[in-house]
Amino acid sequence: MDEPSGAHDPYASLRNPDYRWFIASMGLITLGLQMQGLVVAWQVYDRTGDPLALGLVGLSEAVPFLGVALFGGHAADRLNRLRLCLASVLSLAVCSALLCLFTWRSMAGPLSRAVLPIYGIIFLTGIVRAFYRPANVALGTDLLPKDLYANGSTWRVSIFHTGMVIGPAVGGLVYAWRGAIAAHFLVMVLLLVGFAGQLPIHYLPKPVRPREGSIFESLGEGLRFVFSRRLLLGAISLDLFAVLFGGAVAVLPVFAKEILRTGPQGLGLLRASPAVGSVLMGIAMAHLPPMRRAGRTLLFCVAGFGAATIAFALSRSFLLSLFMLAASGALDNVSVVLRSTLLQTLTPEHMLGRVSSVNQVFIGSSNEIGAFESGLAARLLGLVPSVVFGGCMTLLVVGITSWRVPELLRLRRIEDAGGVED
């Protein structure tokens, strides 16, 4: 490492009280949304018995997200970012309330097997998250000085994945013991508490640059910026294809029910395992000085993610499956932190919302589209072959990225990224 450990403060960003409120609120919101994801997945698969139906859940969120995300980024650069976050979280709570109401109305009768209203509500959720995500990233960046971006990203990812650990586990337990209605109600409560947690944040909006040209020219500016930065584009593309092909989360209900022979409780543990690995890795990274070979580390971790995905697909042991999912989460954490810090470092302050939205079009939507790809591949190739294929494609993407974007191999510290750019 480049600096002595005594000079490194692992809790520097957490000493900012507004940032503490920010990540605490984000943790509760993540907890609720992860619970909702598991409950909806189990609910849809229980009603249909079709893995493709799980993929359609992801597609229902990805389609509106892709259509609106760039406008969400534009809004994050033009409006008060804290108020935009508050409005978005409140809207997510309303969507959760609608899921709770529909579940209650469809407990019996002709609606007991219906899933189209669930897809419709998830569609609305996708629109709201298109505004929430860029505003959230930009707000978290505004609350910290530039020299704390890396430390803040490490803790933000760790808190995010802590919510991902607890959310699926709690969601599975509540679903098993109290049913889907109780689970959806708890999600709504968590989102409302997360909303309240953002109210104490003292936020002074940065001056907004005068608008030049139309809204579409503004959106194009964000796109041109990303495509003109090879390092940033390479890192985003690497994660996009890794998540698109390498994720097995969407078909975990099928693995849990058909291969590992466990119920919603076991599914909750499987869904939480990647986040457990991520949290442990995040804590380790926060206590270590900056990496000396950030680019090579990024490529190595994405390749390891693909290998862990293949091992998970071939496993027939519940404990081994948990371990491989945890390993994939630990490796993914490093990738997310490096990519997030790179984005914050290279992006001008007044463009953070738009560039974050472009990033989310690449990365955020790839989770949902990847869910659809996983469900479709499982239908066409079979469950296990489809996940093995995805892991192999991830390894191929790493090789292609190393060849096409050699700047990543040359990148050492993230702070030096500007000097590596063409």
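The values are calculated or read from the model by the stated rules, or taken from the named source; none is laboratory data. None of these values were measured; they are calculated from a predicted model. Ideal geometry is used to build each Cβ from the backbone, glycine not excepted, and the neighbour counts take in all protein chains shown.
Only residues that are basic (K, R) and modelled with pLDDT under 80 were counted in the range 143-193, giving 1. Please enumerate the residues belonging to the range 124-142 that are modelled with pLDDT of 90 or more and more than 17 Å from the chain's Cα centre (by Cα). Residue satisfying the conditions is L124 alone.
When we screen A76, A97, A62 for residues that are among the small types (G, A, S), in a helix (DSSP H, G or I) and in contact with an Asp or Glu (Cβ under 7 Å, 6 or more places away or on another chain), the only hit is A62. Of everything listed in (1) farther than 28 Å from G55 by Cα; (2) assigned to a helix (DSSP H, G or I), the single unmet condition for L288 is (2).
Just wondering, is there one or more residues in the range 96-103 that are buried (at least 23 other Cβ atoms within 10 Å of the Cβ) and out of contact with any Cys (no Cβ under 6 Å at 6 or more places or on another chain)? There is at least one residue in the range 96-103 that is buried (at least 23 other Cβ atoms within 10 Å of the Cβ) and out of contact with any Cys (no Cβ under 6 Å at 6 or more places or on another chain).
Scanning the range 31-59 for residues that are part of a helix (DSSP H, G or I) and farther than 21 Å from M164 by Cα yields a total of 7. Candidates L38, L86: the one that is farther than 13 Å from R133 by Cβ, modelled with pLDDT of 90 or more and not acidic (D, E) is L86.
Determine whether R316 is among the charged types (D, E, K, R), under 28 Å from G172 (Cβ atoms) and surrounded by fewer than 23 Cβ atoms within 10 Å (Cβ to Cβ). So R316 fits the description; yes.
Can you tell me how many residues within the range 1-35 are among the hydroxyl-bearing types (S, T, Y) and modelled with pLDDT under 90? Residues in the range 1-35 being among the hydroxyl-bearing types (S, T, Y) and modelled with pLDDT under 90: 3 in total. Quick check: anything in the range 12-30 of a type in the set (F, W, Y), closer than 18 Å to T125 by Cβ and in a helix (DSSP H, G or I)? Within the range 12-30, not a single residue is of a type in the set (F, W, Y), closer than 18 Å to T125 by Cβ and in a helix (DSSP H, G or I). List pairs: first residue in the range 312-334 and in a helix (DSSP H, G or I), second residue of a type in the set (F, W, Y) anywhere in the structure, Cβ distance under 8 angstrom, at least six positions apart or on different chains. If the second residue must be of a type in the set (F, W, Y), the pairs left are S321/F255; S321/F312; M324/F312; L325/F312; S328/F305; S328/F312; L331/F305; D332/F305. Whether any residue in the range 127-136 is within 30 Å of P10 (Cα to Cα) and of a type in the set (A, V, I, L, M, F, W, C) is what I want to check. Yes, because at least one residue in the range 127-136 is within 30 Å of P10 (Cα to Cα) and of a type in the set (A, V, I, L, M, F, W, C).
For the range 64-84, the criterion of being surrounded by 21 or more Cβ atoms within 10 Å (Cβ to Cβ) and either more than 30 Å from L139 (Cβ to Cβ) or free of Cβ contacts under 8 Å to residues at least 60 places away in the same chain (or both) is met by at least one residue.
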